[in-house]
Amino acid sequence: MKSIHPLVGIIMGSDSDLPVMQAAADILKQFNIAFELTIVSAHRTPMRMVEYAGKAKERGLKVIIAGAGGAAHLPGMIASISTLPVIGVPIKSSNSIDGWDSVLSILQMPNGIPVATVALNAAKNAGILAAEIIGTNDENISITLQNYKQQMQNEVLHKAEKLKGDWTNEFDI
């Protein structure tokens with residue numbers, strides 16, 4: 001990890017959310033950004049949630065990624081306590097209404113309590129967004145992100161070139 005102290009907190013309401021939230025951890029590892037990962041339930045451990053959100057900034061965190069399924073109150077509650085940017089990851093859980101309850105719970109925050117919201121189960125995008133936020137003040141992370149996006153572009157162009165040979169009516173640009 002780049003830093004001894006975590007810059008990003010990844011939290012989730014239950015260990016059943018870990019298969020989704022692992023993607024945020026994986027991309028942060030790829031970008032060499034230190035993070036912490038833990039379970040903080042808005043409903044089952046409300047005092048832990050309040051303590052986590054209240055002390056996150058003084059512990060050196062810059063961004064919090066909060067994943068939650070079902071009623072998905074965790075991201076909004078964290079945002080109501082902390083002044084750090086919060087990225088909500090709606091998770092399609094076993095008690096979910098096809099994920100829509102989670103999406104809307106995180107997306108429809110009242111004015112004054114913003115939560116950046118990524119797509120359903122899109123923890124990887126949450127990790128990338130957290131890196132972009134940190135990259136506004138860290139040139140090394142910014143360069144890493146530029147390289148990552150260039151690599152994605154190169155992969156698409158390579159696939160397009162490969163496909164070009166398979167079709168006679170290529171759209172020429």
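A few remarks follow.
- Where chymotrypsin sites (Phe, Trp or Tyr not before Pro) in DSSP loops with at most 10 other Cβ within 10 Å are excluded, longest remaining stretch of the chain: 1-166
- Amide H within-cut-off set for residue 118, under 5 Å, with H built and near neighbours excluded: 88
- Fewest-first ranking of 149, 92, using other Cβ atoms within 10 Å as the exposure measure: 149, 92
- Gyration tensor verdict on region 53-173 (Cα atoms; rounded if a/c is under 1.5, prolate if a/b is larger than b/c, oblate otherwise): oblate
- Region 1-63: GluC sites (Glu not before Pro) falling in loop per DSSP and having at most 13 other Cβ within 10 Å: 58
- Positive-end extreme of charge dipole, region 8-139 - chosen from 131, 74, 107 (charges on Cβ): 74
- Its Cα centre serving as origin, the chain has a Cβ charge dipole (Lys and Arg +1, Asp and Glu -1) of approximately 460 debye.
- Candidates 158, 73, 43, ranked by Gaussian network fluctuation over the chain, Cα under 10 Å, top entry: 158
- Among 156, 50, 103, the largest mean-square fluctuation in a Gaussian network model of the chain (Cα springs under 10 Å) belongs to 156.
- Hz values of 3J(HN,Hα) by residue in region 78-88 - Karplus curve (6.51, -1.76, 1.60), Gly and Pro given as x: 4, 5, 6, 9, 9, 9, 6, x, 10, 10, x
- In sequence order, region 53-61 has phi-based couplings of 5, x, 9, 4, 5, 5, 7, x, 5 Hz under the Karplus curve 6.51 cos²θ - 1.76 cosθ + 1.60, θ = phi - 60°, and Gly or Pro positions carry x.
- Expected 222 nm ellipticity per residue - DSSP helices of 4 or more, -39500 (n - 2.57), all of the chain, to 500: -14500 deg cm²/dmol
FYI, it's all coordinate maths here, none of it is from the lab. All of these numbers come straight from a predicted model, not from anything done at the bench. Note: ideal-geometry Cβ built from the backbone for every residue, glycine included; neighbour counts use all protein chains shown.
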